[in-house]
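One structure is given here, and the rest of the page talks about it.
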Amino acid sequence: MRLPHLLLIDLIVCTAVISAGCIDAKDTSQKYAVSEAISLINVSLSENADWMIEAADEIAAGKSDADSSKQVLADLYQKSTLAQTILYANENMIVVSVYPDIILSSVGTDQSSYGTNEAYYSGKTIALTEYFHLDDGTNASVLSAPVYDNGTWKGYISMSFDSSRFFGDVEKYLFETYGYHLCVLQTDGLQVYDYDLRERGKNILADPSYPDDVKTAAVEICREPSGATEYSYQKTGSNEMVQKTVVWDTLEFGGQTWRVLILAE
């Protein structure tokens with residue numbers, strides 16, 4: 001994510017508008033903050049998707065063997081600000097190459113259990129999975145692009161990314177700019193990201209440890225594409241009750257739907 005570059009542009013534009021007397025100050029509402037967060041997330045996903053599609057085209061153009069495809073993956077890894085691991089699987093769902101070598105043991109394995117076959121990619125140029133547990137023992141979301149050679153499916157490139165790394169810069173920006181926090185939910189209640197990393201990967205709707213007030217808010221958030229709500233909770237290790245206000249909106253990308261939440265106490 002080219003976050004510093006984006007923020008510099010934003011600062012220049014805002015300064016110019018303020019100097020012209022059009023507005024008094026930057027909108028600091030949660031509604032504005034969620035719009036800005038979605039824009040930043042979408043820009044980063046789109047940038048990485050474009051690089052993946054370019055890499056898929058390169059493999060289709062004659063670099064589908066192990067050594068050549070690995071170099072394509074290495075080049076993609078160097079470009080990407082998100083990549084944790086990348087692999088190329090052929091039309092038989094067999095992993096041909098990986099990068100970096102921390103997942104070298106995946107080469108030659110059958111990926112068909114993930115369901116990312118030709119039918120899965122029908123009509124798609126890019127796909128984003130749910131947050132799930134990978135074979136290498138990590139939890140991640142996966143961005144992938146099909147490889148087509150003159151319309152014939154030749155497999156796919158798959159790139160896993162850690163949500164704490166992906167959303168961390170956005171969280172930092174939101175907190176430093178507005179004093180707000182970020183949370184990202186799937187529509188089944190699973191937390192793809194939370195500023196408290198201990199919460200990441202937990203399902204609010206299914207986990208009995210969450211109080212009813214939090215579950216009720218989560219049900220509304222998962223049901224409605226956008227809105228605002230409040231809930232109270234007891235701080236960990238304390239008797240103090242805290243009231244939180246949540247404003248959320250929806251980001252759809254690569255077949256995946258995320259609720260992007262902005263939280264304020």
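Between Ser163, Ser112, Ser80, the Gaussian network model of the chain with springs among Cα atoms under 10 angstrom shows the greatest mean-square fluctuation at Ser112.
The apolar share of the surface of region 113-265, taken as the fraction of accessible area on carbon and sulfur atoms (1.4 Å probe, ligands and nucleic acids excluded), comes to 46 percent. Take every Cα pair under 8 Å whose residues are at least 6 apart in sequence, average their separation, divide by the length of the chain, and the relative contact order is 17 percent.
In order along region 32-46, the Karplus-derived 3J(HN,Hα) couplings, from 6.51 cos²θ - 1.76 cosθ + 1.60 at θ = phi - 60°, round to 5, 4, 5, 5, 5, 4, 4, 4, 5, 5, 5, 4, 5, 4, 5 Hz, and Gly and Pro are given as x. With both labels modelled 7 Å from their Cα along Cα-to-Cβ, the Asp50 to Lys31 distance reads 3.1 nm.
Evaluated over region 141-265, the count of Lys pairs having alpha-carbon atoms less than 30 Å apart is 10 (only pairs 8 or more residues apart or interchain). Here the contact order of region 192-249, divided by its residue count and restricted to Cα pairs under 8 Å and six or more residues apart, works out to 24 percent. Note on exposure: Tyr173, Tyr233, Tyr148 ranked by accessible area (1.4 Å probe, complete protein assembly) read Tyr148, Tyr233, Tyr173, with the most exposed listed first. When +1 charges are put on Lys and Arg Cβ atoms and -1 charges on Asp and Glu Cβ atoms, the dipole computed for the chain relative to its Cα centre reaches about 200 debye.
Leaving out ligands and nucleic acids, note down the accessible area per residue over the chain with a 1.4 angstrom probe, in whole Å².
48 Å²
Separation of region 188-252 and region 52-86 by C-alpha centroid, Å? For region 188-252 versus region 52-86, the Cα centre distance is 37 Å. A convex hull fitted to the Cα coordinates of the chain yields 151 cubic angstrom per residue.
At an R0 of 35 angstrom, the distance between the Cβ atoms of Thr152 and Glu230 translates into a FRET efficiency of 0.05.
Partners of Lys70 within straight-line reach, counting aspartates and glutamates whose Cα lies under 15 Å from its Cα and excluding those fewer than 8 residues away in the same chain: Glu54, Asp57, Glu58, Asp101.
The values are calculated or read from the model by the stated rules, or taken from the named source; none is laboratory data. Computed from a prediction, not measured in an experiment: that's the story for all the values here. Methodologically, a virtual Cβ is constructed for each residue, glycine included, from the backbone with ideal geometry; neighbour enumeration extends over all protein chains shown. Accessible surface is based on the protein model in full, side chains and every heavy atom, while ligands, DNA and RNA are left aside. Shrake-Rupley method; radii C 1.70, N 1.55, O 1.52, S 1.80 Å.
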